1. When ranked by the protection proxy of mean other Cβ atoms within 10 Å per residue, highest first, what sequence do the peptides 24-35, 199-210 form?
2. Considering only Thr251, Ser7, Phe185, whose Cα is most displaced toward the positive end of the charge dipole of the chain, charges sitting on Cβ of Lys, Arg (+1) and Asp, Glu (-1)?
3. Mind pulling the per residue volume of the convex hull built on the Cα atoms of the chain? Å³ is fine.
4. Of Lys108/Lys188; Lys3/Lys120; Lys236/Lys256; Lys142/Lys188; Lys201/Lys256; Lys188/Lys247, which sit over 30 Å apart, Cα to Cα?
5. If you add up the charges near Gly276, with Lys and Arg at +1 and Asp and Glu at -1, over every other residue whose beta carbon is less than 15 angstrom from its beta carbon, what do you get?
6. His124 to Lys272: FRET efficiency via 1/(1 + (r/R0)^6), r the Cβ-Cβ distance, R0 22 Å, to the nearest 0.05?
7. Tell me which residues come under 5 Å, amide H to amide H, from Asn46 once H is placed; ignore anything under 5 positions away on its chain.
8. Which whole-number percent is the relative contact order of region 11-123 (Cα, under 8 Å, 6+ apart)?
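No lab work stands behind these numbers, since they all come straight from the coordinates. Model, not experiment: these values are computed from the prediction. With ideal geometry, Cβ positions are generated from the backbone for all residues, glycine too; neighbour counts draw on all protein chains shown.
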Amino acid sequence: MVKDYFSHLNAEEQHILKNKGTEEPFTGEYNEHFEAGIFICRACENPLYESNTKFNSGCGWPSFDDELEGAIVRHEDLSGGRNRTEICCARCNGHLGHVFRGEQITEKNTRHCVNSLSIKFILHNHLETATFGAGCFWHVEKIFRQTKGVYLANSGYMGGDTLNPTYKEICIGDTNHAEVVNINFNPKVISYIDLLEIFWKNHNPTTLNQQGADIGTQYRSVIFYYSDLQKVSAEKSVEELQGNFSKPIVTQIIAKDKFYRAEEYHQNYLNKNNLGSCSI
Ligand SMILES: [Zn+2]
């Protein structure tokens, strides 16, 4: 007897997973969702995608550039007069969406276009969060992205006065948002103190609202803390480091604020564009 993976789903979910339907674009709960965790099949709970493969393609559906090994099956789909590749869950064959190649949005050059109603998010409870501003976020993100124990490093904005800021707005310089990198890390692999060390090593914390040629409040040196422990660790690291500088450290240490993920073209910017650093 074939197991029925779909009977517990509601009508909308069955329409997508069982009858290969499509939800309206920009309506799904995971379209603008960028937390650290794993997406499983809503029908059979098979793990499908790590959230560090998720990106914002602007298409209106959750987009991933890689699947978990063996999680997905592909079928040729000639419906609607188009030649597409349908993707389904490898365990229950529930419909997820379609996969496209060659759009050059991320390094992997692949977009799994998935219905939110086909998947379910499970938070990675073992990860902690840290946020640093150390000048241009392209450079800071690249360094943390390649650090062992860092699951996710997203470029974005924090600490300003406006809601949903855009890059254009924060560059005008009067929103008070800092360019930051939001990091989800595994404290069993890398400690917060180690992250602080990387932060200090990779910028000049003594120049107020300036890193090299980049001038403005969005380039300020800032640590947004998520706990009293992070706050104390950050303050202690300033005391320890001050002796290495002739000028005072001007880094702000302030409580976390809402993180606004930057536009997709800023994510992994230097790697995507084959640039070594910002100063090119
Ligand atoms: Zn499934």
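1. Answer by packing, highest mean first, reads 199-210, 24-35.
2. Of the listed residues, the answer is Phe185.
3. 152 Å³
4. Lys188/Lys247
5. Result for the local shell: +2.
6. About 0.35, to the nearest 0.05.
7. Here the answer is Cys41, since their amide H atoms fall under 5 Å of that of Asn46.
8. Relative contact order here is 31 percent.
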